[in-house]
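Enquirer: There's a structure below that I have some questions on.
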Amino acid sequence: MGISSISYLSKQNRDMYRTYRSLASGKRINTASDNAAGLAIANKLKTRVGGTNVGISNSKTSQNMLNVADGAIGSVTDSLQRIRELGIQASNGLYSASDRSAIQAEIDQLKESIGGITSQTKFNEMNVLDGSMGSSHVASNADGGGMNIDMPQFSLEGLGIADFDVTSNNFDVSAIDKALEKVSAKRSYLGAAYNGLDHNIAYNTYAAYNLTAAQSRIEDTDYTQGAMDLKKQQVLNTYSIMMQRKMINNADGQVRMMLG
């Protein structure tokens, strides 16, 4: 009976220690011995949450890149529109060769501007408009998967306007129209990619919230329940100690009677 009581008291002390530790740390699972299966599940959820949050960050970074690209493409579009206006102006038969040369001088400046925009528009030291980036992978998912964004190639050669010259007798304004169509189509594509990332961010944010909530339900301390458990354990512990003292006193009394 004494050994059983001591064992019970020892168990009560261990339970109280776990409860104190749970209340202090805010975690009901602090070691594998607390709940091995729960710890494994909580760790998997934590991994998923971490990956999902990184995916959100990656998506936002890619949106920043697309914003940079879109601003530059807007400038390219403006230059092409002006080149088209000048080309139509030069098509007028009332202009002399010297007039068209003056018009071409402005066109050359605009083409130089397009070339500069294409070669100098960068994000994180990577060029986003000259085609060197190719397909940009956005690791927007928790497992590293996601979407690929095909970045444009807007060099003068890529746009097909490197040799556009209104001083030539056979220049064709439709070359500028084709360049504008190419730029507009790619700009629409990048805008759709931006919106796709928006949807991905919204979904991942919702998923991360729910995964975190699930992890919390498994791993975090329920302070109301913990306080109740602690109070119960303290009462039982006090009762066990009192019983131990009573048993010791009874045993001591029996010994005295035997000796007396």
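The values are calculated or read from the model by the stated rules, or taken from the named source; none is laboratory data. These figures come from a predicted structure and were not determined experimentally. Here Cβ is always computed from backbone atoms with ideal geometry, including for glycine, and neighbour counts include all displayed protein chains. The area values use the complete protein model at the heavy-atom level, side chains included, leaving out ligands, DNA and RNA. Shrake-Rupley method; radii C 1.70, N 1.55, O 1.52, S 1.80 Å.
Enquirer: So if I place +1 on the C-beta of Lys and Arg and -1 on the C-beta of Asp and Glu, and nothing else carries charge, what would the dipole magnitude of the range 63-145 be about its Cα centre? I want it in debye, nearest 20.
Expert: The calculated dipole for the range 63-145 is roughly 160 debye.
Enquirer: Using amide H atoms built in the peptide plane, which far-off residues or other-chain residues are under 5 Å from residue 127 H to H?
Expert: none
Enquirer: Using all Cα-Cα distances in the range 112-160, what percent lands in each 10 angstrom bin from 0 up to the longest?
Expert: 26, 43, 21, 9, 1
Enquirer: If the limit is 27 Å between Cα atoms, which of 46/186; 46/122; 111/186; 60/111; 122/182 go over it?
Expert: 46/186; 46/122; 60/111
Enquirer: From the Cα gyration tensor of the range 87-229, with a ≥ b ≥ c the square roots of its eigenvalues, which class applies: rounded if a/c is under 1.5, or else prolate if a/b is larger than b/c, or else oblate?
Expert: Because a/c hits 1.5 or more and a/b exceeds b/c, the range 87-229 counts as prolate.
Enquirer: What's the carbon and sulfur percent of the range 95-161's accessible surface, probe 1.4 angstrom, rounded to a whole number?
Expert: About 46 percent, which is the carbon plus sulfur part of the accessible surface.
Enquirer: Got a number for the accessible area of residue 178? Probe 1.4 Å, square angstrom, nearest 10.
Expert: About 140 Å², rounded to the nearest 10.
Enquirer: First select every other residue whose beta carbon is under 14 angstrom from the beta carbon of residue 54; then total the charges, Lys and Arg +1, Asp and Glu -1.
Expert: Surrounding charge for residue 54 is +2.
Enquirer: While we're on this one: Calculate, for the range 32-97, the solvent-accessible area per residue in square angstrom, rolling a 1.4 angstrom probe over the heavy atoms of the protein chains.
Expert: Solvent-accessible surface per residue comes out at 51 Å².
Enquirer: Let me ask something else about it. Shape verdict for the range 131-205, please, from the Cα gyration tensor: rounded (a/c under 1.5), prolate (a/b greater than b/c) or oblate.
Expert: prolate
Enquirer: Residue farthest toward the positive end of the dipole of the range 86-207, with Cβ of Lys/Arg at +1 and Asp/Glu at -1: which of 193, 166, 107?
Expert: 193
Enquirer: Also, quick follow-up: Please compute the length gained on full extension between residue 170 and residue 202, using 0.36 nm multiplied by the number of residues separating them and subtracting their Cα-Cα distance.
Expert: Here the segment from residue 170 to residue 202 would lengthen by 6.2 nm.
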